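Since the structure comes first, as structure tokens, the remarks are kept for the end.
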Number of protein chains: 2
Amino acid sequence: MNIVSIQFQDDKQPKYLQLFEHIKQSITAGELKPGEKLPTVRSLSQALDINSITVLNAYKQLENNKYVTAKKGSGYYVSNMKGQKESILSSGELGMTTGKDVINFASAAPHPSIFPTESFKECINEVLERDRGFAFGYQESSGFKPLRSSILGYIGEKYGIKAGNEENVLIVSGAQQGIDLIGKVLLNPGDYVIMENPTYDGAAAVFKSRGARVVGVSVEEDGADITELEKKIRICRPKLIYLMTSYQNPTTVSYSAEKLEQVLVLAKKYEVCIVEDDSMSELNFGNRHPITLKRLDIDNSYVIYLKSFSKILMPGLRAGCMIIPGQLTKEFTKIKHNSDLASSGLIQRALDMYFRTGKWEEHLQYMKEIYRGKYEFMLTQLERMEKYGVKYEKPGGGLYFWITLPKGLSAMEMYHECREEGLVLIPSGVFFELDHKNKDRSLRLSFASSNIEEIRHGMDILEKCLDRRV
Amino acid sequence: MNIVSIQFQDDKQPKYLQLFEHIKQSITAGELKPGEKLPTVRSLSQALDINSITVLNAYKQLENNKYVTAKKGSGYYVSNMKGQKESILSSGELGMTTGKDVINFASAAPHPSIFPTESFKECINEVLERDRGFAFGYQESSGFKPLRSSILGYIGEKYGIKAGNEENVLIVSGAQQGIDLIGKVLLNPGDYVIMENPTYDGAAAVFKSRGARVVGVSVEEDGADITELEKKIRICRPKLIYLMTSYQNPTTVSYSAEKLEQVLVLAKKYEVCIVEDDSMSELNFGNRHPITLKRLDIDNSYVIYLKSFSKILMPGLRAGCMIIPGQLTKEFTKIKHNSDLASSGLIQRALDMYFRTGKWEEHLQYMKEIYRGKYEFMLTQLERMEKYGVKYEKPGGGLYFWITLPKGLSAMEMYHECREEGLVLIPSGVFFELDHKNKDRSLRLSFASSNIEEIRHGMDILEKCLDRRV
């Protein structure tokens, strides 16, 4: 492409922005290819007869927007845009908004119609009666103390987690903020992070934005491949290992008790911190009692436990909690303070009341019944797909199925085809951090936000698309 | 000190933590001095006969907790702990909690008893009636659209800000989160940031945690020293300039219209982004009409406008907004999504209703009356201090006075003395990012959270302490 062809317009935007837009368009139009080097700042400023700062600012803007990458001492190169992946992720389909006539197997959030709005409203009003203005005053950065105590009691009873005390509990504005804080406290540019491959893209994005390098470990039917994990720990010396031990997203795998113990042994041997991200362990529909890695970390030394309330309660609450190893607690609280001072006092207080009045437990049982029904229904519907060579496991809990297509079929193509027919689901490419021979073979089907009729209709669409291809 | 003297205990914590605690104690006890180099990992592991990973992990732990600093290729050095400053900042006095018998001139938050709890509660209940579960569903990362529109209307009317449209408005969980997002989007390690000196410590901390280098610019009676600012821009080529243009914290200075224009000329000339942090411009008690830099940025190209609702409404809401220049909007929304997905939907919707039903404007007038009364009362009380050589300006708005002590008196000593007597205020050392000849000469007195009687009592204490020393 010819950057030099730009015609600056005096009365419009600043020159550097005009230049930025011009180069950006060349990149998105494919005139500038990934890996291609941009002209040096000096040469371009001479060619265009403009100030070199203008060129530099345009380049920095491109860098900030990830269109180019700066290589120290070498110059600016066009980035390798993850085109399709980015476009799926930014389309708002993943759990957020879809049109009315679209069946949504992508979203992991329950439909707003089954939120416990009434009972939570009662809690809000009771809190406002009781605390008045104090519910809106500045809060402790680590969280409303009675809530920290409620949560500690709940997870102690539910999971037998006895590590840590109230001081080690940190209330966060949702699990995503917890991941962000972990990145800030533990990661510096160049540090390594080991994650399951495939994994939750939103966590990987945060770690990478801290300049960390993500390394994947394969997932077996009872958790991460331990031999591979140890090998990679030895090679990379990671700053942290991020795992989802119950109904892993997206593979739906749960760790066996044995695997959890092996993971902790590795954590101790190599003195590395493990993040256990737990958003669904309560949603067990079979006989499996929820087990967590945190329970084994009896000294509260190695495992950062991160719990979301979005899947069981309501995602828009923006409330989650963490149990932080003792030696890191102070630093986490400070970084939470730097990030947003504290989470909403009103929401924290209402959530505390929700726990204390037994409403959480009641709602959990209600949600489990609803989800179990949808789980079982989707499972029977999946049997129809077996004749096309589709494979799947029975997770026994959680909110998803992870299905593998027969050889020769592309998950990305199937995604596009289903979408045309009015069904959105998530192709496996979104979840793979690294190359993998089966990267484009699976789909994640969530039953969280659809009702029984919608599930049936969605499965009809899937079958129709499979039928066309197989 | 002798690190080698450590006795490991097998049955206790992991070794690296025991080593971390041991060295930490040596640093806090002053046995290891700032700037002192720690033994190399290899030599210490040999001396203690332990694995080098254990030593490395202990050192990294020390680094994470800011006790030591790693210098590339050189080793680990004991950090320069800002002892007293840290202890004041972490004591929770700055706006959070103080004991019952303490007069609080430190906090910048209104007392919870005057929060509009009832009228906000009405908005919450109306929103829950209207939107039900959708108030608790996932929200757009950029914020609830009707709220973005309300805010744009409000600041358009109040400040004549016409730049940008709804797409450029980003709702954040309080201004502190806005600062955090700015750091994430714009700053890489080694980048320069220019801030007023003195300035808001909580912003400087965020920028520094991104690895940025902070450079101060002096504050004159009508805003930053423009000659000095341009000189520093030339030398440092900063990624951003952070300014508070109305009732600057802590100096209470407001920028003249002329200075604002000069600042924007510099932004254009050097193509640098300005952050305008505005938390108090509405609180004008005199004839000054609030003016902002953002109003001048008609192309929405150079100024990131950041507005807090904490001072006028309630700090615990955790709601603020930003107007982002067009070329940065997409990146900010993405980083907001990575940070916490979105801000609380319920709070956003209730705040929108608060604006739309005219309650905000009503409450603003009420708060202005209350604050004006306290401002004027504190001003008359300050006259008493003149006989001790205390100097101060009349800011004409905002929530603070910034008083300068006579030569020979230390603000830090005065802080400690007042504290003994039951009055907390903030010594200037907390706000100075860099050395300055008058760094320990001033105190910030806030009248936000005290009533008239408390102001009188606090000023009595200040006078008593001055009387003792002058």
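Over the residues of the range A:214-311, compute the C-alpha Rg and express it relative to 2.2 N^0.38 Å. That ratio works out to 1.02. By the count of other C-beta atoms within 10 Å, a proxy for reagent exposure, B:D49, B:D440 are ordered fewest to most as B:D49, B:D440.
Taking other Cβ atoms within 10 Å as a rough exposure proxy, B:D340, A:D191, A:D435, B:D225 sort from fewest to most as A:D435, B:D225, A:D191, B:D340.
Neighbouring Cβ atoms from other chains, within 10 Å of the Cβ of residues in A:178-187, number 2 on average. Per residue of A:134-146, other chain Cβ atoms within 10 Å of the residue Cβ number 5 on average. The DSSP beta bridges internal to chain B are antiparallel in roughly 55% of cases.
Sum -39500 (n - 2.57) across every DSSP H segment of at least 4 residues in chain A, then divide by the residue count to get the 222 nm mean residue ellipticity, nearest 500. When only DSSP H runs of four or more count, the value is -13500 deg cm²/dmol. The Cα trace of the range B:345-470 gives Rg and Dmax of 17.7, 55 Å, the first to one decimal, the second as a whole number. Compute the acute angle (0 to 90°) between the alpha-carbon long axis of helix A:175-186 and the principal axis of greatest extent of the alpha-carbon atoms of chain A; round to the nearest 10°. Approximately 70 degrees, to the nearest 10. Derived from the Cα gyration tensor, the three semi-axes of the equivalent ellipsoid of the range B:152-210 are 26, 14, 11 Å, largest first.
Computed from Cα atoms, the angle from the helix A:326-340 axis to the main principal axis of chain A rounds to 60 degrees.
What translational D, rounded to a whole number of µm²/s, comes out for the range B:3-81 from Stokes-Einstein when the hydrodynamic radius is the Kirkwood one over Cα pairs, at 20 °C and 1.002 mPa s?
172
Normalised size of the range A:117-357, defined as Cα radius of gyration per 2.2 N^0.38 Å with N residues, equals 1.00.
Taking a straight Cα-Cα cut-off under 21 Å and skipping sequence neighbours fewer than 8 places away in the same chain, the lysines within cross-link reach of A:K71 are A:K24, A:K33, A:K37, A:K60, A:K82, A:K208, B:K72, B:K184, B:K239. Looking at the protein assembly as shown, the DSSP beta bridges with both ends there are about 55 percent antiparallel.
Inter-chain neighbour count for A:14-24: the average number of beta-carbon atoms from partner chains within 10 Å of each residue's beta-carbon is 2. Its alpha carbons give the range B:308-362 an Rg and a Dmax of 13.0, 36 Å. Of all DSSP-defined beta bridges confined to the range A:117-357, some 35% are antiparallel rather than parallel.
Using only the alpha-carbon atoms, how far is helix B:345-356 inclined from the longest principal axis of chain B? Give it as 0 to 90 degrees, nearest 10. Long axis of B:345-356 versus the principal axis of chain B: about 30 degrees. Here's the list of lysines a cross-link from B:K368 could span, going by alpha-carbon distance under 28 Å and ignoring same-chain residues fewer than 8 apart: B:K100, B:K121, B:K158, B:K162, B:K259, B:K294, B:K307, B:K311, B:K359, B:K391, B:K394. Evaluating kT/(6 pi eta Rh) at 4 °C and 1.567 mPa s, with the Kirkwood radius of chain A over Cα pairs in the Stokes-Einstein relation, gives 53 µm² s⁻¹.
Spherically averaged projected area of the convex hull of Cα atoms, the protein assembly as shown: 38.7 nm².
Among the trypsin sites (Lys or Arg not before Pro) in the range A:363-466, those placed in a DSSP loop whose Cβ has at most 16 other Cβ atoms within 10 Å are A:K407, A:K437. Ranked for footprinting exposure by Cβ neighbours inside 10 Å, fewest first, A:T227, A:T54 give A:T227, A:T54. Ordering A:Q46, A:Q7, A:Y192 by Cα displacement along the dipole of chain A toward the positive end leaves A:Q46 in first place; charges were set at the Cβ atoms of Lys, Arg (+1) and Asp, Glu (-1). Against the empirical 2.2 N^0.38 Å (N residues), the range B:276-371 has a Cα radius of gyration ratio of 1.21. Rounded to the nearest angstrom and listed largest first, the equivalent-ellipsoid semi-axes of the range A:110-227 from its Cα gyration tensor are 34, 19, 17. For the range A:348-447, the dipole from Cβ point charges (+1 on Lys and Arg, -1 on Asp and Glu) about the Cα centre works out to 200 debye, to the nearest 20.
Read the figures in this text as sums done on the coordinates, not as results from a lab. Since the model is a prediction, treat every value here as computed from it, not as a measurement. Cβ sites come from the backbone with ideal geometry, for glycine too, and all protein chains shown count toward neighbours.
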